[in-house]
1. Out of (1) open to solvent by less than 10 Å² (accessible area, probe 1.4 Å); (2) among the hydrophobic types (A, V, I, L, M, F, W, C); (3) more than 18 Å from D32 (Cα to Cα), what's the single condition that is false for L145?
2. Among the residues of the range 226-244, is there at least one that is within 16 Å of ligand 2 (Cβ to nearest atom) and not charged (D, E, K, R)?
3. Among the residues of the range 442-456, what is the count of those that are buried (at least 19 other Cβ atoms within 10 Å of the Cβ) and part of a loop (DSSP other than H, G, I, E, B)?
4. Give the range 254-271 a look and list any residue that's of a type outside the set (F, W, Y) and either within 12 Å of ligand 1 (Cβ to nearest atom) or open to solvent by less than 10 Å² (accessible area, probe 1.4 Å) (or both), or say none.
5. Let me spell it out: the conditions are (1) open to solvent by less than 10 Å² (accessible area, probe 1.4 Å); (2) within 21 Å of W124 (Cα to Cα), and P199 meets all of them except one. Which number is the exception?
6. Taking the options L350, L342, L379, L368, name whichever one is under 15 Å from E450 (Cα atoms) and within 16 Å of ligand 2 (Cβ to nearest atom).
7. Anything in the range 297-324 that is near ligand 2 (Cβ under 10 Å from one of its atoms), touching a helix residue (DSSP H, G or I) at 6+ places or on another chain (Cβ under 8 Å) and under 21 Å from F416 (Cβ atoms)? List them, or say none.
8. Among the residues in the range 562-585, are any buried (at least 19 other Cβ atoms within 10 Å of the Cβ), in a helix (DSSP H, G or I), within 16 Å of ligand 2 (Cβ to nearest atom) and in contact (Cβ under 8 Å) with a residue 60 or more places away in the chain?
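The values are calculated or read from the model by the stated rules, or taken from the named source; none is laboratory data. It should be emphasised that the depicted structure is a prediction, and the values quoted were computed from it without experimental measurement. Here the Cβ positions follow ideal geometry from the backbone for every residue, glycine too, while neighbour counts run over all protein chains shown. These area figures cover heavy atoms from the full protein model, side chains too; ligands, DNA and RNA do not enter into them. Shrake-Rupley method; radii C 1.70, N 1.55, O 1.52, S 1.80 Å.
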Amino acid sequence: MASPFSQPEPLPHDPHSYASQSPVRVRHLELDLSVDFATRTLAGTATWQLIDAAQAAAVTLDTRDLTIEGIECLDGAGNASATTFTLGPADAVLGQALSVALKPETAAIRIRYRTAATAAALQWLEPAQTAGTQPFLFTQSQAILARTWLPCQDSPGIRFTYAARVQVPAHLLALMSAGNPQQLDPNGTYRFEMAQPIPAYLMALAVGDLAFAPLSGRTGIYAEPATLPTATYEFADLEKMVAAAEQLYGPYRWERYDLLVLPPSFPFGGMENPRLTFVTPTILAGDRSLTTLVAHELAHSWSGNLVTNATWNDFWLNEGFTVYFERRIMEHLYGPDYADMLQVLGRAELHHTIEDIGVSSPDTHLHLALASRDPDEGLTEIAYEKGCALLLTLESLVGRTRLDAFIKEYFARFSFQAMDTATFLHYLRAELLDPEPGLEAKLNLAAWVEGPGLPGNAPAVTSQRFAAVDQELARLNDGVASVSLLPATADWSSHEWVHFLHGLPASLSSHQLADLDAAFHFTTSGNAEILAAWFPLTLRAGYAPADAALEKFLLHVGRRKFLVPLYRALLATPGGARRAREIYARARPNYHSVATGTLDALLAEHQ
Ligand code: BES
Ligand code: ZN
């Protein structure tokens, strides 16, 4: 396809990385690390091959809470010589710039370092926090936490390949966002290679008592042995998902696609670490009803991992495309009725988020202005659902055939590159909008990208399956007993139940909840999405029979998306602040820093 488009250079400045201003960039990493559970440290060397190092006096990397023990320069033949370095002033969010002096012959630098026991990316688990009897470690690098376990150029626009050697205690398996072992090494020594260039936020490591089960020639599951059978059942359609994604938007470029099921303290639903998506065990519902999350992380293998947001201000380019893509995968596998439910739930979340943030807040723009803020605070549902809604609007204007061709070409053309909002808009105009007079005016791009709230031209989303749920809700409202809904609800999925629970009047009494609970057994549900939708109702009504289950959930689950609304609901009850603090004090050691960062602030507001 001939196109008038060419990508403007250079990419925009990244306000969240000191290294983004470095005149010298990294190209390849050789990582050599030992994992010590006793001291909760990673220690070893990071050797960075540099691009055109000879032309500059120094290279800058990002670090946070790292101890730098020494740095050497290496020439092209690998000969080492001592060099000097400086660490800049420490910023609580950005950390410290590490500036390393270079010599005319320098091709690489070798940094000897160790992490802090409090490194924000790392979560060290005691055996009791796992499903087994061994300790566990995992990393969470997105958005800007890679620098807390690796001195690196921690900007999503800077990519590198890597090889690693990781030493762990015998009997534990180590996995990375790279080619992975499928079996234990008797000495606990593991080697990894990632031949495709990735940004630092996709660096990942997990260590634990893990086993592997293949699903297809290129897909499989890693999990703790006790969880593995459940997980292989739950994700049986994984190969079908990859095949559907390829059919939609082009070849899968990362060779294998495996899942790692983490212990429940994992702070997110999923993280798209290349070749090895990390997922929460809270999607093991037993009925395969929460696997949309896997489709989401898989879709990031294109939107995000191939074409990458240039800075966190462009986060919607990662997440908005991924949500749209995720629902296309689910539609392909399970039909439009299924995908429609996801669109309706997503749209409802978008409206809540907009209300929460404020209808006219700039944080509801797709293009964000996060400079000088922790990106973790500014990355909201807006990127996901408003981003997806923009693509649905485009779909309604140009039709699926043209939109799909555009997206496929976009991924192919910008593979392994960074993309910022301005460049994307330029490309969108050139490829899709300009050829058709009047189209841009109908779309009103400015309102979407630089304007607040949800623009009025977003297509409405509806769901037939939810219409059936709404009918049952209406019967309930008319005074029909809960049990008489049983026949109609017999084959409802998690999605119908969540829609049902969200549709119940907020003012239900404890007595009415008891009636619902007797019929549908919400309190004893093994489905985390259903529990997370149920507990706010039980808290508001003071329905005591759910208290123990809520407490167990808060002590066990570390997924921030569930924790924040539940603690909020708890805080809003009479005497709730005390109870929330009491539970939080016990639960906090089980949460990742990403979750405690948010929850510490939330609980502090209610002192
Ligand atoms: N990449 C995100 C998780 C993330 C975003 C981590 C920003 C740190 C900063 C991942 O793809 C994601 O979106 N996960 C969602 C699930 C998804 C189905 C919406 C989550 O964890 O809830
Ligand atoms: Zn995502």
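1. Single failed check for L145: (1).
2. The initial filter retains those residues of the range 226-244 that are within 16 Å of ligand 2 (Cβ to nearest atom), namely 241.
In the following step, the residues that additionally are not charged (D, E, K, R) were identified as 241.
Yes, that holds for at least one residue.
3. Count: 2.
4. Initially, the range 254-271 is screened for residues of a type outside the set (F, W, Y), giving 255-256, 258-265, 267, 269-271.
Correct list: D258, L259, L260, V261, L262, P263, S265, P267, G269, G270, M271.
5. (2)
6. Numbers: L350 fails: under 15 Å from E450 (Cα atoms); L342 fails: under 15 Å from E450 (Cα atoms); L379 fails: under 15 Å from E450 (Cα atoms).
Only one candidate qualifies: L368.
7. The initial filter retains those residues of the range 297-324 that are near ligand 2 (Cβ under 10 Å from one of its atoms), namely 297, 299-300, 303-304, 315, 318-323.
So of that shortlist, the ones also touching a helix residue (DSSP H, G or I) at 6+ places or on another chain (Cβ under 8 Å) come out as 299-300, 303-304, 315, 318-323.
Those that are near ligand 2 (Cβ under 10 Å from one of its atoms), touching a helix residue (DSSP H, G or I) at 6+ places or on another chain (Cβ under 8 Å) and under 21 Å from F416 (Cβ atoms): A299, H300, S303, G304, F315, N318, E319, G320, F321, T322.
8. No, the range 562-585 contains no residue that is buried (at least 19 other Cβ atoms within 10 Å of the Cβ), in a helix (DSSP H, G or I), within 16 Å of ligand 2 (Cβ to nearest atom) and in contact (Cβ under 8 Å) with a residue 60 or more places away in the chain.
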